[in-house]
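Participant: Here it is, the structure in full.
The values are calculated or read from the model by the stated rules, or taken from the named source; none is laboratory data. Keep in mind that what you see is a predicted model, and the values were worked out from it rather than measured. In this analysis, Cβ positions are derived from the backbone assuming ideal geometry, glycine residues included, and neighbour counts consider all displayed protein chains. In case anyone asks, the SASA skips ligands and DNA or RNA and just uses the protein heavy atoms, side chains included. Shrake-Rupley method; radii C 1.70, N 1.55, O 1.52, S 1.80 Å.
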Amino acid sequence: MVTSDRLPRRAAGFVIAAVTMAALAGCSTAPVVPSGSDTADLDAALGKVPADPSAVQGLDLPLDRSLLTPIEELEVVKARNTLIEHCLADHGLAFTFPAVDPVRDAAKPRRYGLVDAGEASAYGYRDPAVFAAHGAGTPADQPPPDVVSVITGVHAGKAGGHDVPTGGCAGEADRTLATDAKPGQEPVSFALSGRSHEITRTAPPVTAAGEAWSRCMTAAGFHYAGPDAAINDPAFAAGRPSPHEITVATQDVRCKEKVDWVKTCVGVERAVQDVLVRQHTTDLRHEQEHKQHQLAVAGEVNG
């Protein structure tokens, strides 16, 4: 199984990372989530996984309520850029960040790997948004030092006749977006999502589905131990997707469908996340409110 779609921070590729992101995707250190005290509960959760994967419907997971989607993360990035630009203008400085289009630029959710036959036939294993961004002309100009100093707050004295805000224009933007000045992904939810993903990938129903997928691929002439091995094949890491990569990726999706890979993963991970959500009710309720606040502000800023 590949990295969670909630885990990558692809948004940084669509802004000037050293300035605008400034740890936006992880403004606070993710808390340590206890891993031993709930073992019995998690074992019991696996016993509640549907025996028939075909009974599993949809892709939603319990932690979705408090996690920002890839598009929502970019909505926050877009708003943050705009707030920083307005702050710079107030201090007599003009700078425009590269345009962010959340719907266009958001990385495709691939929590369980490549599962879209259309994408496989067109892009192989490449994410359409990221692949398009990598081929989109020359990189944007970096802001000059005087602009960087006002954004980050290291500027000495006034700028444009006004005091520079604490933490610079970036700090002011963060305080506008979130009451704790920490916009971006919710740390407890993010940590729990990563944990549930790791538990899921080693659960017996999922490992069995992975083995069935491997047999299906072998029958088609492609030898991979599991879905991770195929999508991480070094031969598919650079350049445009070759006809061979597209053939492998297309067969990969067919085999996932044949062995109910996605339904198996979703069924297991829902059961796991149900347990984790019950164990962290207070934190998650707070993060749901935090998420809704920053999205409301971002919506106002972005219009």
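Participant: Which aspartates and glutamates have a Cα less than 16 Å from the Cα of residue 78, not counting those fewer than 8 places away in the same chain?
Facilitator: 101, 105, 172, 174, 300
Participant: Once fully extended, how much extra length lies between residue 254 and residue 289, figured as 0.36 nm per residue of separation less the alpha-carbon to alpha-carbon distance?
Facilitator: Numbers: separation 35, 0.36 × 35 = 12.60 nm, distance 3.99 nm.
In short, 8.6 nm is gained.
Participant: Leaving out ligands, DNA and RNA, and with a 1.4 Å probe, what % of the accessible surface on the range 186-269 is carbon or sulfur?
Facilitator: Values: 2110 of 3600 Å².
The computed percentage sits at 58.
Participant: Near residue 258, which lysines are there with a Cα under 28 Å away, not counting those fewer than 8 places off in the same chain?
Facilitator: Leaving aside lysines fewer than 8 places away in the same chain, those within reach of residue 258 are 48, 108.
Participant: Then there is this: Taking only the alpha-carbon positions of the range 214-264 and ignoring solvent, what does the Debye formula give for the base-10 log of I(q)/I(0) at q = 0.15, 0.25, 0.30, 0.32 Å⁻¹?
Facilitator: Each listed q corresponds, in turn, to -0.38, -0.98, -1.27, -1.36.
Participant: Amide H of residue 159 versus every other amide H placed in the peptide plane: which residues, excluding those fewer than 5 positions away on the same chain, fall under 5 Å?
Facilitator: Amide H neighbours of residue 159, under 5 Å, 5+ apart: 164.
Participant: Hull surface divided by four, with the convex hull built on the Cα atoms of the range 197-300: how many nm²?
Facilitator: On the way: hull surface 38.4 nm².
That works out to 9.6 nm², a quarter of the Cα hull's surface.
Participant: Apply the Debye scattering formula to the range 66-216, with a single equal point scatterer on each alpha-carbon and no solvent, then give log10 I(q)/I(0) at q = 0.08, 0.11, 0.15, 0.21 Å⁻¹.
Facilitator: Results for the range 66-216 at q = 0.08, 0.11, 0.15, 0.21 Å⁻¹ read -0.37, -0.63, -0.95, -1.30.
Participant: Could I ask something else about it? List the pair-distance distribution P(r) of the range 144-239, using every Cα-Cα distance, as the percent of pairs falling in each 10 Å bin from 0 up to the bin containing the longest distance, rounded to whole percents.
Facilitator: Computed distribution, short to long bins: 13, 21, 18, 15, 16, 12, 4, 0.
Participant: Using a Förster radius of 51 Å, what is the FRET efficiency between residue 215 and residue 166 based on their Cβ-Cβ separation? Nearest 0.05, please. Mind showing how you got there, number by number?
Facilitator: Values: r = 60 Å, r/R0 = 1.17.
After rounding to 0.05, the efficiency reads 0.30.
Participant: Write down the Kirkwood hydrodynamic radius of the range 256-302, to one decimal in angstroms, obtained as one divided by the mean of 1/r over all alpha carbon pairs. Spell out each step's value before the answer.
Facilitator: Values: mean 1/r = 0.0758 Å⁻¹.
Evaluated on the range 256-302, it is 13.2 Å.
Participant: Which residues in the range 40-59 place their backbone N less than 20 Å from a point set 7 Å from the Cα of residue 208 along the Cα-to-Cβ direction?
Facilitator: In the range 40-59, the label zone of residue 208 (backbone N under 20 Å from the point 7 Å along Cα→Cβ) covers 42-57.
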